[in-house]
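Here is the structure we will look at, set down as structure tokens.
The values are calculated or read from the model by the stated rules, or taken from the named source; none is laboratory data. The shown structure was predicted, so the numbers you read here are calculated from the model rather than taken from an experiment. No Cβ is skipped: glycine too gets one built from the backbone with ideal geometry, and neighbour counts run over all protein chains shown. Side chains included, ligands, DNA and RNA excluded: accessible areas come from the protein's heavy atoms. Shrake-Rupley method; radii C 1.70, N 1.55, O 1.52, S 1.80 Å.
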Amino acid sequence: MDADYQLIIVGGGPAGLSAGLYAARARLKALLIEKGAAGGQVLTTDRVDNYPGFPDGISGFELIDTMTAHVDRFGLEKRFAEVVRLDLQGQVKTLFLDNGEQLRAQTVILATGARPRNLDIPGEKEFAGRGVSYCATCDGPFYRDQEIAVVGGGNTAIQEAIHLTRFAARVTVIHRRDELRATKVLQEKAFANDRIDFIWDTRVQAIEGDEDGVTGLHLLGKDGTGSTLPVTGIFILIGVIPNNEMLPLDQLESDEAGFILTDTEMATATSGVYAAGDIRSKRFRQIINAAGEGANAELSAEQYLAGQAEHT
Amino acid sequence: MASDKVLHVNDSDFDTTVVGNALPCLVDFWAPWCGPCKAIGPVIDELADEFDGQIQITKMNVDDNPATPGKFGIRAIPTLILFKDGDVVDKITGAVGKTQLIDLINKAL
């Protein structure tokens with residue numbers, strides 16, 4: 001059974017696009033499959049200030065647009081489709097698409113990324129898009145002069161809290177610990193911003209609302225004190241979970257949270273299969289990591305293909 | 001490539017173009033500052049070509065047209081609302097995949 005492609009990359013964020021760039025330049029017969037909005041989580045970032053080469057910062061969308069233009073320049077084949085299942089065993093891997101089509105590849109790079117974690121509290125699903133948001137860049141302008149909350153204490157939460165002060169009258173950051181995980185530059189900015197308040201050592205227990213949307217939050221402090229906070233919007237920015245539903249986890253190794261384990265060269269437990277970007281099990285999820293891992297995964301795939309060619 | 005089959009609608013022609021359309025209409029509420037909205041643009045264009053003649057695909061910029069998004073309670077974008085005979089059939093919020101958008105469109109066909 002012949003393969004349709006030497007390499008198929010699943011996912012069109014920074015990891016997938018970097019892998020695609022290297023593959024196109026290596027003149028591999030390669031395909032990048034993206035299910036919808038290429039760019040993934042980066043798109044929801046208002047401003048990327050930590051990607052080298054852009055001293056004035058760049059919006060998440062522009063960064064992805066630039067990366068896409070870059071792979072297009074080298075003629076990478078791309079396609080909008082959803083991969084629903086993969087069989088990664090054997091020399092030829094099979095990818096099953098949602099339209100019933102099957103694609104075969106000698107190597108696969110998994111760059112499916114991650115998505116925002118939910119709080120899993122009452123009201124969250126009910127009021128999604130009506131006061132509950134996971135994207136400050138998208139929805140911030142709908143909260144002009146209103147009082148809103150941000151849940152979380154990492155880089156994303158703090159960066160977006162600062163962004164939201166451009167619209168909202170007041171932004172209250174609710175964090176379950178008594179200090180932020182966000183990088184110092186962001187902490188300094190947030191503490192200096194008089195439109196941002198902090199509620200420490202506190203969890204959100206429920207989201208309340210009426211037919212117009214969210215009206216307030218039920219909070220519970222570490223010391224057991226309950227309270228309510230009247231807000232019209234809540235931005236939930238508490239980390240990510242892996243986009244692994246389509247992956248055959250029995251053919252791969254994953255960590256407790258479901259992120260894919262690789263060696264230092266991005267190889268997974270299955271030969272010819274690599275993982276890069278946020279789907280990889282690792283400590284730090286940054287755009288620059290994702291891009292670097294994408295390049296590394298492609299180079300590993302190339303080396304594997306060269307080895308295969310020698311044996312035939 | 002932007003599809004010429006996608007119509008840009010505004011507050012003043014919404015009733016005639018969308019509500020009064022003989023075909024089912026999908027309205028993509030978007031704004032230039034919304035990365036995910038712009039990123040699903042190419043998918044919307046592909047759908048406009050693939051479902052040409054079966055459904056009218058339209059876009060509304062919520063910055064320039066505050067009345068219609070307000071009327072439909074939109075507080076998050078991208079939001080895609082499917083209309084048939086002037087009524088809302090269903091809607092999706094967020095940058096979903098092409099498959100989910102096809103599933104949405106099929107509800108009006």
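Against the condition in the same structural domain as residue A:200 (by TED's automatic domain parsing), small (Gly, Ala, Ser), in contact with a strand residue (DSSP E or B) (Cβ under 8 Å, 6 or more places away or on another chain) and open to solvent by 20 Å² or more (accessible area, probe 1.4 Å), how does residue A:149 come out, does it pass? If you could, list the steps in order and put the result at the bottom.
Values: in the same structural domain as residue A:200 (by TED's automatic domain parsing): yes; small (Gly, Ala, Ser): yes; in contact with a strand residue (DSSP E or B) (Cβ under 8 Å, 6 or more places away or on another chain): yes; open to solvent by 20 Å² or more (accessible area, probe 1.4 Å): no.
Criteria not met by residue A:149.
What's the number of the condition residue A:156 fails, among (1) hydroxyl-bearing (Ser, Thr, Tyr); (2) crowded, with 22+ Cβ neighbours inside 10 Å; (3) free of Cβ contacts under 8 Å to residues at least 24 places away in the same chain?
Going through (1) hydroxyl-bearing (Ser, Thr, Tyr); (2) crowded, with 22+ Cβ neighbours inside 10 Å; (3) free of Cβ contacts under 8 Å to residues at least 24 places away in the same chain one by one, residue A:156 breaks only (3).
Look through the range B:59-80, keep the residues that are crowded, with 23+ Cβ neighbours inside 10 Å and more than 10 Å from every other protein chain (Cβ to nearest Cβ), and return whichever of them is nearest to residue B:13 (Cα to Cα).
B:60
May I ask you to verify whether residue A:46 is in contact (Cβ under 8 Å) with a residue 40 or more places away in the chain, acidic (Asp, Glu) and out of contact with any helix residue (DSSP H, G or I) (no Cβ under 8 Å at 6 or more places or on another chain)? Talk me through it step by step, then tell me what you get.
Numbers: in contact (Cβ under 8 Å) with a residue 40 or more places away in the chain: yes; acidic (Asp, Glu): yes; out of contact with any helix residue (DSSP H, G or I) (no Cβ under 8 Å at 6 or more places or on another chain): no.
Spelling it out, it is not the case that residue A:46 is in contact (Cβ under 8 Å) with a residue 40 or more places away in the chain, acidic (Asp, Glu) and out of contact with any helix residue (DSSP H, G or I) (no Cβ under 8 Å at 6 or more places or on another chain).
If I go through the range A:244-280 residue by residue, how many of them are in a loop (DSSP other than H, G, I, E, B) and open to solvent by 30 Å² or more (accessible area, probe 1.4 Å)? Show your work before the answer.
Let us first name the residues in the range A:244-280 that are in a loop (DSSP other than H, G, I, E, B), namely A:244-248, A:252-253, A:255-259, A:261-266, A:268-272, A:276.
Subset that is open to solvent by 30 Å² or more (accessible area, probe 1.4 Å): A:245-246, A:253, A:255-257, A:261-265, A:269, A:271.
Residues in the range A:244-280 being in a loop (DSSP other than H, G, I, E, B) and open to solvent by 30 Å² or more (accessible area, probe 1.4 Å): 13 in total.
Each row is one residue, and each column tells you yes or no for (1) open to solvent by 70 Å² or more (accessible area, probe 1.4 Å); (2) at positive phi; (3) not polar (S, T, N, Q).
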position	(1), (2), (3)
A:2	yes, no, yes
A:18	no, no, no
A:34	no, no, yes
A:41	no, no, no
A:60	no, no, yes
A:75	no, yes, yes
A:88	no, no, yes
A:98	no, no, yes
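List pairs: first in the range A:52-68 and at the interface with chain B (Cβ under 8 Å from one of its Cβ atoms), second among the polar types (S, T, N, Q) and assigned to a loop (DSSP other than H, G, I, E, B), Cβ under 7 Å, 6+ apart or cross-chain?
Between residues of the range A:52-68 that are at the interface with chain B (Cβ under 8 Å from one of its Cβ atoms) and residues that are among the polar types (S, T, N, Q) and assigned to a loop (DSSP other than H, G, I, E, B), the close pairs are A:60/A:45.
Can you tell me how many residues in the range B:88-109 are in a strand (DSSP E or B), open to solvent by 60 Å² or more (accessible area, probe 1.4 Å) and at pLDDT below 95?
Qualifying residue count for the region: 2.
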